[in-house]
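The structure under discussion is supplied below as structure tokens; questions concerning it will follow.
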Amino acid sequence: MCTKKLLILDDDETIRFNMKLYLEDEGFECTDAGDADSALLLARKGGIALSIVDLRLPGINGEEYIKKSIVLNPEMKYLIHTGNTQYILSQELSDLGLNHEDVFYKPVESFEIIVNRIKQHL
Amino acid sequence: MYGSLLFFYRTIHFIKEMTALNILYFLIIGLQTLVLILVLMKKKSSIAVNGNNEINKNDCSLRPVVENNVDGIILYDKSGTIFEWNKSIEKITGFTKDEVIGANIFHILKQLLKINQVGKFIIDDLAVDLINETPQKDPSFFEILIKDKKGETKNVELYIISGKSNNETIFGNIIRDITEKEKEIKETYFYLQYIIDSIKTTIITVDKDFNVTHENKAAARFRNGTDPEINYLFTKYPKLGFIRECFDKCTDSNKIINDSRMVINETGETLYYAISVFPLSDEIRPGKVIMVDDITERIKMEEVMIQSEKMMSVAGLAAGMAHEINNPLGTISQGCQNLIRRTSFSLPKNVEAANKLGILPENINKYFEIREIFEIINSIQQASQKASEIIKNMLQFSRRSESKKVLYNPEKLLNESLDLLYNDYDLKKNFDIRSIKIIKEIACAVPDIKVTVTEIQQVLFNIIQNAVHALKLNSYPSENPVITLRLKYTISEITYEIEDNGPGILESHKNRIFEPFFSTKEVGKGTGLGLSVAFMIIKNNHKGNISVESAPGKGAKFIIKLPVYGF
């Protein structure tokens, strides 16, 4: 069983709740945050291996969070989970090591693909 | 006598009204000359006249004024013997002073005026006046043609004046050459006529009895027949019945009336006209000016613009909404997946929890099966997937094209779309497409267009597919279903036409078919987004145009216009 901690950053509580349930069932330890500032606080504490990030957030947006967080934890991996189905990964994030396989559009029909991607990263 | 002549001769001339100022100017100059001559005549009676009836030049201080006057001046006594003939009259008539001094005025006038009937009247009347020695109270005025010595025709104004002093009556003529002015006026007249004939607005003027006094070329469309005898407005223009109300309002109120009317013409076309009726503020000839403007194109353009704007605002709304709805859809989808997982045996935690409660996991599963809980979850998932599909389509509708455009052959595009259609499984499943006759009318050497190929294919596919659906409607079994595909072009654009002989589109639906979510198909059979996406692709992404012509029972024709590359 994998004990690496995942961070779910999404302003929608029901999304965080359901995602947590699923990932915990998969054996991941999860923590969550409703905004980027809280997420950065958690990231600072360390121990988080991967963040699943929503883009449209109150205050600092998801992309900014990734850029800030990666400075604190260069080892951390990121998945993007967005409701904007027209979103295309920016060059800046590509340069930080993300690629289009790390982008998931809501609603995700089968969570297995997210789990698979997480497993690839960890 | 002169009065009747005047009436006869001053035929009512349109230009005169136009050049009223011009004429006023002439009259003022003329009157100045008249006053001068009358003064001179008075003077003449007080100066010595020699045997040759010549005015003593030295004694006449006004001589230079007469001599150099811009108007031609002739003076003669009651016997008709000419004693004054100035420089200007030499120029106008071609006769020199030496030739005419001492000659008889009638002899000269006959030579000058012989070309005209009116001339004879003038001469006869003058003769009577001379015999009777009756000085005229007011000068008589004629506009007349004369022939000069060389036989050249000139247009002149002729004044006949007379005055009595010291028991001697002196007569005189002032002749002003208006040939050039007349030419100018005529040119102005024709120029103005060209102007009003070039105007597409129908312009008709009527007098107080509603008889037509003037019209321009554009008025012809409302005319019936060309009987020149008919002058009454509504008989001459039977197709102008729709202005009647405005016309009557103007008659009643004597104010400018502006309005518009919708008219359905004999071919069933709906036309829009803007009407203006102005009271003609001419005291002598009161009447009205009617202006009728065909504003059909403008109204149609406005409709299209309103439609476009509506679509744009819906598009903006759709983009924002899609984003927002995807979040709750995400929860629904995840929730269902969680439900399924948490009722499955494969998860040790589930078994653990069931055991703790003393429930056999397989019983939970059986209960769920009996109560069809899995079906319920499944239906939620399906619904969420469908909603997600609609959102995707909506986003496509609102998306600005970012895909790369390439130069492509329009005919190839059409053929490829048709191939897509023949291979479309859904369509094949429900209809026998091969039973529909497809006629292609393709122009030669159609220029390439710059397009996003998949988008235009999607549009053409969608419209042809709609035509197939229309032809295969159960309620409208077409006997000879035909789809005609046309491809035409001009220098600036290419035009696709997709025409079917199906049931057509209701007038009330015609304005709405491009609206998102508007569908006449059975609920669940279409998203109602096909044509609105087509609209956006053509209009927004390709700067083209899409429209439809249809009437119930007469089929439908979709027209797509796309700009030719480089134009």
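Looking at the range B:510-519, can you tell me whether even one residue there is hydroxyl-bearing (Ser, Thr, Tyr), surrounded by 16 or more Cβ atoms within 10 Å (Cβ to Cβ) and part of a loop (DSSP other than H, G, I, E, B)?
yes
Here is a follow-up. With (1) outside any helix (DSSP H, G or I); (2) more than 14 Å from B:Met291 (Cβ to Cβ) as the list, and B:Lys239 as the residue in question, which single condition is left unmet?
(1)
Can you pull out the residues in the range A:94-122 that are β-branched (Val, Ile, Thr) and more than 13 Å from chain B (Cβ to nearest Cβ)?
The answer is A:Val103, A:Ile118.
For the range A:16-31, indicate whether the set of residues that are surrounded by fewer than 16 Cβ atoms within 10 Å (Cβ to Cβ), within 14 Å of chain B (Cβ to nearest Cβ), small (Gly, Ala, Ser) and over 23 Å from B:Asn326 (Cβ atoms) is non-empty.
Yes, because at least one residue in the range A:16-31 is surrounded by fewer than 16 Cβ atoms within 10 Å (Cβ to Cβ), within 14 Å of chain B (Cβ to nearest Cβ), small (Gly, Ala, Ser) and over 23 Å from B:Asn326 (Cβ atoms).
Now for a separate question. Test B:Thr343 against the stated conditions and say whether it is modelled with pLDDT of 80 or more, surrounded by 14 or more Cβ atoms within 10 Å (Cβ to Cβ) and touching a strand residue (DSSP E or B) at 6+ places or on another chain (Cβ under 8 Å).
Working: modelled with pLDDT of 80 or more: yes; surrounded by 14 or more Cβ atoms within 10 Å (Cβ to Cβ): yes; touching a strand residue (DSSP E or B) at 6+ places or on another chain (Cβ under 8 Å): no.
It is false that B:Thr343 is modelled with pLDDT of 80 or more, surrounded by 14 or more Cβ atoms within 10 Å (Cβ to Cβ) and touching a strand residue (DSSP E or B) at 6+ places or on another chain (Cβ under 8 Å).
So which residues in the range A:56-88 are among the hydrophobic types (A, V, I, L, M, F, W, C) and either more than 14 Å from chain B (Cβ to nearest Cβ) or in contact with a Cys (Cβ under 9 Å, 6 or more places away or on another chain) (or both)?
Of everything in the range A:56-88, those that are among the hydrophobic types (A, V, I, L, M, F, W, C) and either more than 14 Å from chain B (Cβ to nearest Cβ) or in contact with a Cys (Cβ under 9 Å, 6 or more places away or on another chain) (or both) turn out to be A:Ile60, A:Ile66, A:Ile70, A:Val71, A:Leu72, A:Met76.
Next question. Failed condition for B:Lys288, given (1) at pLDDT 85 or above; (2) in a helix (DSSP H, G or I), with all others met?
(2)
Criterion first (more than 14 Å from chain B (Cβ to nearest Cβ), surrounded by fewer than 17 Cβ atoms within 10 Å (Cβ to Cβ) and either closer than 19 Å to B:Gly335 by Cα or modelled with pLDDT of 90 or more (or both)) does A:Gln91 satisfy it?
no
Can you report the number of residues in the range B:87-108 which are buried (at least 22 other Cβ atoms within 10 Å of the Cβ) and either among the hydroxyl-bearing types (Ser, Thr, Tyr) or within 58 Å of the chain's Cα centre (by Cα) (or both)?
Qualifying residue count, the range B:87-108: 2.
Shifting gears a bit: Within the set of pairs 6+ apart or on separate chains, which have a first residue in the range B:549-560 that is without any contact (Cβ under 8 Å) to a residue 12 or more places away in the chain, a second that is crowded, with 22+ Cβ neighbours inside 10 Å, and C-beta atoms under 9 Å apart?
Qualifying pairs under 9 Å: B:Glu549/B:Ala556; B:Glu549/B:Phe558.
Further, regarding this structure: Identify, please: which residue in the range B:320-340 is crowded, with 18+ Cβ neighbours inside 10 Å and among the aliphatic types (A, V, I, L, M) and is, among those, nearest to the other protein chains (Cβ to nearest Cβ)?
Applying the filter and picking the extreme gives B:Leu329.
Exactly one of these conditions fails for A:Asp37: (1) more than 14 Å from every other protein chain (Cβ to nearest Cβ); (2) charged (D, E, K, R); (3) touching a helix residue (DSSP H, G or I) at 6+ places or on another chain (Cβ under 7 Å). Give me its number.
So A:Asp37 meets the others, but not (3).
Would the range A:88-96 turn up any residue that is touching a strand residue (DSSP E or B) at 6+ places or on another chain (Cβ under 7 Å), in contact (Cβ under 8 Å) with a residue 24 or more places away in the chain and within 30 Å of B:Arg341 (Cβ to Cβ)?
Going through the range A:88-96, the residues touching a strand residue (DSSP E or B) at 6+ places or on another chain (Cβ under 7 Å) turn out to be A:89.
Going one step further and asking which of them are in contact (Cβ under 8 Å) with a residue 24 or more places away in the chain, we end up with none.
No: the range A:88-96 contains no residue that is touching a strand residue (DSSP E or B) at 6+ places or on another chain (Cβ under 7 Å), in contact (Cβ under 8 Å) with a residue 24 or more places away in the chain and within 30 Å of B:Arg341 (Cβ to Cβ).
Of everything in the range B:346-378, what is outside any helix (DSSP H, G or I) and either in contact with a strand residue (DSSP E or B) (Cβ under 6 Å, 6 or more places away or on another chain) or under 18 Å from A:Phe111 (Cα atoms) (or both)? Give them in sequence order. Reasoning before the result, please.
At the first step, the residues of the range B:346-378 found to be outside any helix (DSSP H, G or I) are B:346-347, B:358-360, B:371-372.
Scanning the range B:346-378 gives B:Ser346, B:Leu347.
Moving to a separate point now. For the condition hydrophobic (A, V, I, L, M, F, W, C) and touching a Pro at 6+ places or on another chain (Cβ under 6 Å), what is the one hit in B:Ile513, B:Ile449, B:Ile483, B:Ile498? Spell out how you get there, then give the answer.
Working: B:Ile513 fails: touching a Pro at 6+ places or on another chain (Cβ under 6 Å); B:Ile483 fails: touching a Pro at 6+ places or on another chain (Cβ under 6 Å); B:Ile498 fails: touching a Pro at 6+ places or on another chain (Cβ under 6 Å).
After applying the criteria, what remains is B:Ile449.
Scan the range B:490-509 for residues that are in a loop (DSSP other than H, G, I, E, B) and crowded, with 17+ Cβ neighbours inside 10 Å and jot them down.
B:Asn501, B:Gly502, B:Pro503, B:Gly504, B:Ile505
Look at the range A:1-60 and say how many of its residues are of a type in the set (Phe, Trp, Tyr) and closer than 14 Å to A:Ile114 by Cβ. Lay out the reasoning, then the answer.
Let us first name the residues in the range A:1-60 that are of a type in the set (Phe, Trp, Tyr), namely A:17, A:22, A:28.
This time we only want the ones that are closer than 14 Å to A:Ile114 by Cβ, so: A:22, A:28.
So the count comes out to 2.
Quick test for you: out of A:Ile48, A:Ile15, A:Ile52, pick the one residue that is touching a strand residue (DSSP E or B) at 6+ places or on another chain (Cβ under 7 Å) and within 26 Å of B:Glu389 (Cβ to Cβ).
A:Ile52
Do you know which residues across the range B:216-238 are loosely packed, with under 14 Cβ neighbours inside 10 Å and in contact with a helix residue (DSSP H, G or I) (Cβ under 6 Å, 6 or more places away or on another chain)?
B:Asn224
Determine whether A:Ser51 is in contact (Cβ under 8 Å) with a residue 12 or more places away in the chain, part of a strand (DSSP E or B) and surrounded by 12 or more Cβ atoms within 10 Å (Cβ to Cβ).
So A:Ser51 passes the test.
In this structure, does A:Ala43 turn out to be modelled with pLDDT of 90 or more and either in a loop (DSSP other than H, G, I, E, B) or crowded, with 19+ Cβ neighbours inside 10 Å (or both)?
On the way: modelled with pLDDT of 90 or more: no; either in a loop (DSSP other than H, G, I, E, B) or crowded, with 19+ Cβ neighbours inside 10 Å (or both): yes.
Judged against the criteria, A:Ala43 is not a match.
I would also like to ask the following. Here are the criteria: (1) surrounded by 13 or more Cβ atoms within 10 Å (Cβ to Cβ); (2) within 60 Å of the chain's Cα centre (by Cα). Tell me which single one B:Gln382 does not satisfy.
Condition (1) is where B:Gln382 drops out.
Kindly check whether there is at least one residue in the range B:274-297 that is in contact with a helix residue (DSSP H, G or I) (Cβ under 6 Å, 6 or more places away or on another chain) and more than 18 Å from B:Val212 (Cβ to Cβ).
Checking the range B:274-297: not a single residue is in contact with a helix residue (DSSP H, G or I) (Cβ under 6 Å, 6 or more places away or on another chain) and more than 18 Å from B:Val212 (Cβ to Cβ).
Is it the case that A:Leu7 is touching a residue at least 60 places away in the same chain (Cβ under 8 Å), under 23 Å from A:Tyr87 (Cα atoms), aliphatic (A, V, I, L, M) and away from chain B (no Cβ under 14 Å)?
no
The values are calculated or read from the model by the stated rules, or taken from the named source; none is laboratory data. Every value quoted in this text rests on a predicted model; they were computed, and no experiment measured them. For neighbour counting, all protein chains shown are included, and Cβ atoms are generated from backbone atoms with ideal geometry for every residue, glycine included.
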